[in-house]
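Notes follow the structure.
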Amino acid sequence: MRFGYSEQCLAHDTGERHPETADRLRAIRRGLAKRHGVEYVEADPASRADVTAVHDDGYVDEFEAFCDDGGGNWDPDTVACEATWDAALASAGLSQWAATTALNGSNGRGTPFALGRPPGHHAVPDDAMGFCFFNNAAVAAQTVLDAGLADRVAVFDWDVHHGNGTQDVFYDRGDVFYASIHEDGLYPDTGALSETGTGDGESTTLNAPLAAGASDADYLHVIDRALAPALARFDPDLVIVSAGFDAHRHDPISRMRVSSEGYALMTDRVRSIADDADAPVAYVLEGGYGLETLAEGVAMVHETYDGRRPVDPDDDPNGATETLVEDLRAELDL
């Protein structure tokens, strides 16, 4: 794979005890050093115009001034320093690079993956939250739509937390499909099954809030029975994966049971769905707070594109997941 990376993202300092640290990127780099076929690319940062395409001007001004003043706690979870402004622009720029690179023909072993931080999927149009300042996936999707590189973009978010920010940006629009599999009741406590879009965006949002303890088989069941037919109907020109790895069974801040192999399986399913739609795929890093499991998850995505075939799980989805998926299919008329 081709990995977008910028040293500027390391300068975003969240303090000693914060789970979202620069060590996350360092751990990923160490894990990928053992793999073949890894290429790193440094992209241009996003511009102010790029981020104000999905964020309110007043919020962007306030965030820049906050960083200029030295930063601090934006809220109890979301921390900035002076360098966070440039790091956030760099992270958004890496996501733009991933989306445009995919649409320009980089696929297969050259599939792009943006390794940026701070992450983005909780950032709403007028506020930062949940470790996120600019919504990287949303900036990337809006960039390729505005440039005429795509007419329809799908964002699939497999982070354990619901990407409320990405959903909010596109909830009433028909040109972006947002899908999320997340742990029910976890921060930010959004993403109900009934949230399916409004107005022009009716039926372009898919939420699968799984019960704590969901495993590989549960995630794959959602993908096979709900996401695949929904994306086939939407027919995207690009699929962006908001790739968080905090649903891993050993991640310290979630209760899900996804294995490292599960991320390979989800990657393989996404690749197949996108191939059927003749759409390229771009990956954008979100969460993942166990350094070893984060590095292993990213490596599994890379190895899947490098030719490794994932192994299917032995278990079946649980009954609660099967019921939820049938309800979701009915909600979206799939």
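The figures follow:
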quantity	calculated
From ALA138, ALA99, ALA90, residue being in contact (Cβ under 8 Å) with a residue 40 or more places away in the chain, within 25 Å of ALA192 (Cβ to Cβ), in a helix (DSSP H, G or I) and in contact with a helix residue (DSSP H, G or I) (Cβ under 7 Å, 6 or more places away or on another chain)	ALA138
Within the stretch 57-91, considering residues that are surrounded by fewer than 18 Cβ atoms within 10 Å (Cβ to Cβ) and among the small types (Gly, Ala, Ser), the one nearest to the chain's Cα centre (by Cα)	ALA83
Search result, residues across the stretch 40-87 that are part of a helix (DSSP H, G or I) and not hydrophobic (A, V, I, L, M, F, W, C)	ARG48, ASP50, THR52, ASP57, GLY58, TYR59, ASP61, GLU62, GLU64, ASP68, THR84, ASP86
Tally, over the stretch 8-22, of residues that are touching a residue at least 12 places away in the same chain (Cβ under 8 Å) and either under 18 Å from ALA114 (Cβ atoms) or over 21 Å from the mean Cα position of the chain (by Cα) (or both)	9
Subset of the stretch 45-56 [surrounded by 13 or more Cβ atoms within 10 Å (Cβ to Cβ) and free of Cβ contacts under 8 Å to residues at least 60 places away in the same chain]	PRO45, SER47, ARG48, THR52
Residue in the stretch 278-306 that is surrounded by the fewest Cβ atoms within 10 Å (Cβ to Cβ), counting only those that are part of a loop (DSSP other than H, G, I, E, B) and either at negative phi or touching a residue at least 12 places away in the same chain (Cβ under 8 Å) (or both)	ASP306
Qualifying position, being touching a strand residue (DSSP E or B) at 6+ places or on another chain (Cβ under 6 Å), among the polar types (S, T, N, Q) and closer than 25 Å to PRO188 by Cα, among SER106, SER95	SER95
Qualifying residue in the stretch 230-253 (condition: among the hydrophobic types (A, V, I, L, M, F, W, C), out of contact with any Ser or Thr (no Cβ under 7 Å at 6 or more places or on another chain) and free of Cβ contacts under 8 Å to residues at least 24 places away in the same chain)	no
Filtered residue count, the stretch 10-56, keeping only those that are within 24 Å of VAL169 (Cα to Cα) and in contact with a Pro (Cβ under 8 Å, 6 or more places away or on another chain)	4
Tabulated pairs, the stretch 68-86, first at positive phi, second among the polar types (S, T, N, Q) and modelled with pLDDT of 95 or more, C-beta under 8 angstrom, 6+ apart or interchain	GLY71/THR84
Lone qualifier among ALA232, ALA192, ALA217, ALA212 - being buried (at least 18 other Cβ atoms within 10 Å of the Cβ) and either of a type outside the set (A, V, I, L, M, F, W, C) or modelled with pLDDT of 95 or more (or both)	ALA217
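The values are calculated or read from the model by the stated rules, or taken from the named source; none is laboratory data. Everything quoted here is computed from the prediction, not taken from an experiment. Virtual Cβ from ideal backbone geometry, glycine too; neighbours counted across all protein chains shown.
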